[in-house]
Amino acid sequence: MSEVIEFYLDLVEKKLNILIRYKEKLKNLYSLPLKEEYFEGEDLVLEELLDAIVYKFNKIQSIISEKLFELILEYIGIEAKNKSFLEILSLLERENVLEIAKWRDLRYIRNSIAHDYPQEILELVTNLNELL
């Protein structure tokens, strides 16, 4: 396996392990799944934990989409330079590396939790629970 791919896979694994530890800390302090009433006050501990979880999740997705996808295609002999992200996803799906629908679901969750508007608490809570 390419050393560069291995480097990024190790990086993702480290960040995923941190994400798992944050989830465990959250689970020790709050019952899961998260509930809307948790967001009614200003719970700084909850907010800090969720911010850390969202940040790690975003970093993991960024590393995978911005670094690993093209490297994996090139490693298996498929030219990925100058291709759109959708073309890259299609090639990865064709090679059974991922399912586009699942990747889109993860991107939807990422985008929805990045913008937590007070009037959309139910959607935020639902997506955070899906992430967790």
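The values are calculated or read from the model by the stated rules, or taken from the named source; none is laboratory data. What you are looking at is a predicted structure, and each value in this text was computed from that prediction instead of being measured. The area values use the complete protein model at the heavy-atom level, side chains included, leaving out ligands, DNA and RNA. Shrake-Rupley method; radii C 1.70, N 1.55, O 1.52, S 1.80 Å.
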* Counting each DSSP H run of 4 or more residues in the chain as -39500 (n - 2.57), what helix-only mean residue ellipticity at 222 nm follows after dividing by all residues, to the nearest 500 deg cm²/dmol? -> -22500 deg cm²/dmol
* Asked: Quick one: in the stretch 80-132, what % of C-alpha pairs are over 15 Å apart?
  -> 56 percent
* Structure fact -> Carbon and sulfur atoms account, in whole percent of the 1.4 Å probe accessible area of the chain, for 51 percent
* Evaluated at 10 °C with a viscosity of 1.306 mPa s, what Stokes-Einstein diffusion coefficient in µm²/s does the chain have when Rh comes from the Kirkwood expression over alpha-carbon pairs? -> 97 µm²/s
* Choice from Lys15, Lys102, Lys23 showing the highest fluctuation, given a GNM over the chain with Cα pairs closer than 10 Å -> Lys102
